[in-house]
Amino acid sequence: MSGIYEVIRYFPIDIYNILKNIFEDNKIIRENIEEIRIRVQKPIILKLRYEDVVINHIVDQREILQTLEKICENSIYAYKNQICEGFITVKGGHRVGITGTAVEENGKIINLKYITSLNFRIARQILNCSNKIIKEILDIENHTIFTTLIVSPPGKGKTTILRDTIRRLSNGMENLNFKGKTCGVVDERGEIAAMYKGIPQNDVGMRTDVIENVSKYKGMKILIRTMAPEIIACDEIGSKEDIEAIQEATTAGIKGIFTMHGRNIEDVKNNKEIYKLIENKQIEKIIFL
């Protein structure tokens with residue numbers, strides 16, 4: 001229950017009491033909750049793994065603002081940059097998505113006013129979920145890994161598996177005779193390490209350096225030049241700039257673990273930028289979930 005309590009404490013007292021009672025009374029909801037969504041003038045919706053549960057409490061604007069103020073520790077201005085990015089990571093690694101009326105200046109969002117929706121995504125680590133694929137990634141003979149692309153449709157767990165893989169490569173695996181490696185993670189949207197005030201809320205290993213809130217291209221460049229990683233990891237690659245940074249890393253002898261959306265080899269081939277890495281043998285293995 002501790003993870004759920006970390007989340008519901010941000011809500012006003014009426015919503016808090018409703019959610020607390022539901023989670024205490026209903027084990028199925030408690031164990032399968034993925035998101036809590038509140039919208040102005042709409043009922044609360046709990047998104048479970050396989051269905052939605054609609055709660056008959058109509059959320060008003062005041063409750064939205066009270067919740068946001070708690071998330072921002074009563075200083076919304078201090079969190080302005082994160083709000084403009086559309087999400088805030090809170091303690092425990094839970095991520096709150098935010099929508100409203102965007103204010104643009106020179107093509108860039110500089111503020112969100114009239115906040116209308118908040119989406120709390122419940123963070124859950126699943127330790128050792130990479131058991132089935134880890135041996136495929138390891139290159140034991142050369143004391144390293146194969147540069148690997150993990151492919152799956154959205155919502156099938158690729159980020160969770162990526163996170164656990166990084167943790168194990170960073171810590172080392174004595175049972176597999178694999179010594180820990182220095183890992184660099186580019187966490188563009190805070191979904192891998194889930195940093196809160198500079199501290200990873202998810203376990204990504206003892207030898208892992210994380211850079212967040214930066215593009216994968218810039219993040220990889222910074223890690224390569226400053227942190228001497230043996231392995232670089234990032235989620236959902238695909239742009240031309242991503243591929244350029246990966247090419248620079250692999251040319252420098254750095255191995256990598258990356259993910260992309262897709263269902264089969266045809267989806268991989270259709271991304272011409274990623275397929276270049278495969279043709280050049282810079283991606284050595286592809287794993288489909």
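The values are calculated or read from the model by the stated rules, or taken from the named source; none is laboratory data. Being a predicted model, the structure only gives us computed values, none of them experimental. Don't worry about glycine lacking a Cβ; one is built from the backbone with ideal geometry, like all the others, and counts go over all protein chains shown.
Which is on the phi < 0 side of the Ramachandran plot, in contact (Cβ under 8 Å) with a residue 40 or more places away in the chain and assigned to a loop (DSSP other than H, G, I, E, B), of L169, L127? Step through it out loud before you land on a result.
Details: L169 fails: assigned to a loop (DSSP other than H, G, I, E, B).
Step by step, each of L169, L127 is checked, and only L127 is on the phi < 0 side of the Ramachandran plot, in contact (Cβ under 8 Å) with a residue 40 or more places away in the chain and assigned to a loop (DSSP other than H, G, I, E, B).
Output the residues belonging to region 231-260 that are more than 28 Å from G172 (Cα to Cα) and under 21 Å from the mean Cα position of the chain (by Cα). Walk me through how you get there before you give the answer.
If we filter region 231-260 for residues that are more than 28 Å from G172 (Cα to Cα), which is where we start, we get 238-241, 244.
Matches in region 231-260: G238, S239, E241.
Can you confirm whether R30 is within 18 Å of R121 (Cα to Cα) and touching a residue at least 60 places away in the same chain (Cβ under 8 Å)?
Details: within 18 Å of R121 (Cα to Cα): yes; touching a residue at least 60 places away in the same chain (Cβ under 8 Å): no.
Here the answer is no, as R30 does not meet what is asked.
I'd like to check something: does region 104-116 contain any residue that is part of a strand (DSSP E or B) and touching a Leu at 6+ places or on another chain (Cβ under 7 Å)? Reasoning before the result, please.
Start the filter on region 104-116 by keeping residues that are part of a strand (DSSP E or B), which leaves 104-105, 108-116.
Retained after the next criterion (residues that are touching a Leu at 6+ places or on another chain (Cβ under 7 Å)): 115.
Yes - at least one qualifying residue is present in region 104-116.
Here are some conditions: (1) farther than 26 Å from K269 by Cβ; (2) of a type in the set (D, E); (3) in contact (Cβ under 8 Å) with a residue 12 or more places away in the chain. E136 meets all but one. Which one does it not meet?
That leaves (1) as the condition not met.
Among the residues of region 134-143, is there at least one that is over 22 Å from the mean Cα position of the chain (by Cα), at pLDDT 90 or above, outside any helix (DSSP H, G or I) and of a type in the set (D, E)?
yes
Yes or no, residue by residue, for (1) closer than 21 Å to T160 by Cβ; (2) aromatic (F, W, Y); (3) surrounded by fewer than 16 Cβ atoms within 10 Å (Cβ to Cβ):
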| position | (1), (2), (3) |
| --- | --- |
| I55 | no, no, no |
| I71 | no, no, no |
| G92 | yes, no, no |
| T99 | no, no, yes |
| I110 | no, no, yes |
| Y114 | no, yes, yes |
| I140 | no, no, yes |
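Taking T159 as the residue in question, decide whether it is assigned by TED's automatic domain parsing to the domain that holds A228, in contact (Cβ under 8 Å) with a residue 40 or more places away in the chain, crowded, with 20+ Cβ neighbours inside 10 Å and out of contact with any Pro (no Cβ under 8 Å at 6 or more places or on another chain). Reasoning before the result, please.
Numbers: assigned by TED's automatic domain parsing to the domain that holds A228: yes; in contact (Cβ under 8 Å) with a residue 40 or more places away in the chain: yes; crowded, with 20+ Cβ neighbours inside 10 Å: no; out of contact with any Pro (no Cβ under 8 Å at 6 or more places or on another chain): yes.
Against the criterion (assigned by TED's automatic domain parsing to the domain that holds A228, in contact (Cβ under 8 Å) with a residue 40 or more places away in the chain, crowded, with 20+ Cβ neighbours inside 10 Å and out of contact with any Pro (no Cβ under 8 Å at 6 or more places or on another chain)), T159 does not qualify.
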